[in-house]
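Q: Below is a structure I'd like to ask you about.
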Amino acid sequence: MLWERFQHLLSEMLINFRRGGWGVVASIGAFTVAFLVTGIFLLLTLNLSIAVAQWAEDFQVVVFLHDGNTPDKLTLLRKRLDKELAVREVTYVSKSQALADFRKQLRDQESLLEGLKDNPLPASFQLRIHKKYQTADALRQLAASLKRVEGVEDVLYGQEWIERLTGIIQVMKILGIVIGGVLGVTSLFIVANTIRLAVYARAEEIEIMRLVGATRAYIQLPLILEGTLQGGAGAALALGILYALYRATLWQLGTSAPTIFSEPEMGQFLEAGYQMIMVGVGALLGGVGSLVAVRRFLRI
Amino acid sequence: MIQMFQVSKVYPKHVEALLDITLHVQKGEFVFLCGPSGAGKTTLLRLMLRDDIPTSGQILVNGRNVIRLRENKLPPFRRTLGVIFQDFKLLMDRTVYDNLHLVARVLGIPDTISRRKIGRLLTEVGLLQKAHQIPYMLSGGEQQRVAIARALLSDPTILLADEPTGNLDPDLALDIMRLLADVNVRGTTVVVATHNPRLVSEMGRRALILKHGRLVEEIP
Ligand SMILES: Nc1ncnc2c1ncn2[C@@H]1O[C@H](COP(=O)(O)OP(=O)(O)OP(=O)(O)O)[C@@H](O)[C@H]1O
Ligand SMILES: [Mg+2]
């Protein structure tokens, strides 16, 4: 009997799918678009967050020094920096080292430096920061306190960039949620309409079943499951397209900018958990949409 | 078996379909509901099936107060009845067999059993060889008999037949009536709505005469 019940569900759903025609295509399509857009935002923010976290980790705070610090003074300064809890590693770069590095960066255009008599570049300490201090606030505080130390000319750090990127990611997240939400609600209405049409198309059959003693659940379940399936299928389809887009993008970036993007951890697709949640939310929205339709258009 | 006490049904815009109906159908009885078009026959049957509720009055079917029937008790209640609808309500997108199968499933009859039962019922109404045809290829009388076979799937305690001889010629109409009488002999209470007084007199059964929503006469 259970098997027959299952068969009944399946055959009813198939009939609805077949009869639904463009309506079914429309509702699956609506879910696909909604989840594709949401997925693109998710994927972008995810990868940007990862990239920013990596940059932040690599980032060094640079403490530029006044010219003419005595070696004793430098030792003192170094001790002062070592004392900072946030600092993991301190490297000294002398004026001549700085100039040599600069020459190396300029490569073919070394002639530009020929006119220079004095070395204009300051000596500096380059600091690596412990992970837990790599927040905008902590870095700002560190920079402010180091700036006040005698012999220090200026302190540079990536706060502005990191803050700006973090801000952009936040905005993208919110945008993604809002747009995804709007599209999600739209798909809900579209699936509700598709199911409503399915109810109309099968009005006679439903009427007969009702009058010979079918329960509400018996009539409604296939319709609700159908909406659930449409929502889930739409979301799954979106994930498939998203993955294809993702691979294509990686490939594009990989050929044009191999040095930056060839590292395998640069790109990351949505985790399996996220994927399941997306399909689940699609199914849920589809189910809710059809439940609404079925509740409104079916009487017992 | 079926009792109605001062039942009235008023549709919106003061359409008084039934007025102060009191009747009693005994267990195992074969009763006609006779009256001209618009007299309220279909409305009365729909109230018995609890497809609708009366504006006032009480209805007992199989000892149940159908007006007060809870939603979860309604489907099981309906499954004890058999209905032949005035418009047949046969689905034209599937075969005769599948029309019956749909109802068998609703009734919770396992496929292995319903296969035999559908075969037996179609044999009984003389339509076994048309089991795999679509109903619209059948004649009116044949469609009528499909509707009867379908109504009998539930082994109903009460069979409600709404104009089961519709536009059939008199001979065919009598055939159908004999079929229903057979069902009645096997213990099912049968209520037949018809606008045809000749049928009533030929069958010689009790008849309740409806006019403008009122019970005006009882034969005999
Ligand atoms: N759902 C409804 N809404 C409004 N009025 C209705 C409804 N159903 C029936 N009526 C009205 O109630 C009256 C009785 O209708 P009913 O269908 O019961 O008659 P009947 O005896 O079955 O007629 P017929 O022999 O033509 O089938 C008619 O005036 C009809 O217009
Ligand atoms: Mg009628």
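Q: Part of a helix (DSSP H, G or I) and either in contact with an Asp or Glu (Cβ under 9 Å, 6 or more places away or on another chain) or surrounded by 14 or more Cβ atoms within 10 Å (Cβ to Cβ) (or both): does that describe A:ILE206?
A: Judged against the criteria, A:ILE206 is a match.
Q: Please go through region B:53-92 and give me each residue that is loosely packed, with under 15 Cβ neighbours inside 10 Å and under 29 Å from B:GLY141 (Cα atoms), ordered by number.
A: Those that are loosely packed, with under 15 Cβ neighbours inside 10 Å and under 29 Å from B:GLY141 (Cα atoms): B:ASP87, B:MET92.
Q: Let me ask something else about it. Hey, could you check region A:209-235 for residues that are closer than 12 Å to A:VAL24 by Cβ and open to solvent by 10 Å² or more (accessible area, probe 1.4 Å) and say which is nearest to the other protein chains (Cβ to nearest Cβ)?
A: It comes out as A:LEU229.
Q: Go through (1) assigned to a loop (DSSP other than H, G, I, E, B); (2) open to solvent by 60 Å² or more (accessible area, probe 1.4 Å) and name the single condition B:TYR136 misses.
A: It is condition (1) that B:TYR136 fails.
Q: Would you confirm whether any residue within region B:145-152 is more than 14 Å from chain A (Cβ to nearest Cβ) and part of a helix (DSSP H, G or I)? Give the steps one after another, and end with the answer.
A: Our first condition is that a residue be more than 14 Å from chain A (Cβ to nearest Cβ); within region B:145-152, this holds for B:145.
Checking the rest, the ones that are also part of a helix (DSSP H, G or I) come to B:145.
Yes, some residue in region B:145-152 is more than 14 Å from chain A (Cβ to nearest Cβ) and part of a helix (DSSP H, G or I).
Q: Please state which of the following conditions B:LEU107 fails to meet, knowing it meets all the rest: (1) within 16 Å of ligand 2 (Cβ to nearest atom); (2) within 20 Å of B:ALA151 (Cβ to Cβ); (3) in contact with a Lys or Arg (Cβ under 7 Å, 6 or more places away or on another chain); (4) hydrophobic (A, V, I, L, M, F, W, C).
A: If we test B:LEU107 against (1) within 16 Å of ligand 2 (Cβ to nearest atom); (2) within 20 Å of B:ALA151 (Cβ to Cβ); (3) in contact with a Lys or Arg (Cβ under 7 Å, 6 or more places away or on another chain); (4) hydrophobic (A, V, I, L, M, F, W, C), just (1) comes out false.
Q: If you go through region B:109-119 one residue at a time, do you hit one that is surrounded by 18 or more Cβ atoms within 10 Å (Cβ to Cβ), over 20 Å from the mean Cα position of the chain (by Cα) and within 14 Å of chain A (Cβ to nearest Cβ)?
A: Looking for residues that are surrounded by 18 or more Cβ atoms within 10 Å (Cβ to Cβ), over 20 Å from the mean Cα position of the chain (by Cα) and within 14 Å of chain A (Cβ to nearest Cβ), one finds at least one in region B:109-119, hence yes.
Q: Restricting to region B:1-52, name every residue that is within 17 Å of B:HIS212 (Cα to Cα), open to solvent by less than 10 Å² (accessible area, probe 1.4 Å) and more than 15 Å from the chain's Cα centre (by Cα).
A: B:VAL7, B:LEU18, B:ILE21, B:GLY35, B:ALA39
Q: Just to be sure I understand, how many residues within region B:1-53 are within 15 Å of ligand 2 (Cβ to nearest atom), among the aliphatic types (A, V, I, L, M) and within 14 Å of chain A (Cβ to nearest Cβ)?
A: Residues flagged as within 15 Å of ligand 2 (Cβ to nearest atom), among the aliphatic types (A, V, I, L, M) and within 14 Å of chain A (Cβ to nearest Cβ) within region B:1-53 amount to 4.
Q: Under 6 Å between Cβ atoms, at least 6 apart or on separate chains: pull out the pairs that start in region B:10-37 with a residue that is hydroxyl-bearing (Ser, Thr, Tyr) and end on any residue that is surrounded by fewer than 21 Cβ atoms within 10 Å (Cβ to Cβ).
A: Within 6 Å, the pairs are B:THR22/B:PHE5; B:THR22/B:GLN6; B:SER37/B:HIS195.
The values are calculated or read from the model by the stated rules, or taken from the named source; none is laboratory data. The structure displayed is predicted, hence computed values, not measured ones. Methodologically, a virtual Cβ is constructed for each residue, glycine included, from the backbone with ideal geometry; neighbour enumeration extends over all protein chains shown. For the accessible areas, the whole protein counts, side chains as well, though only heavy atoms, and no ligand, DNA or RNA atoms are used. Shrake-Rupley method; radii C 1.70, N 1.55, O 1.52, S 1.80 Å.
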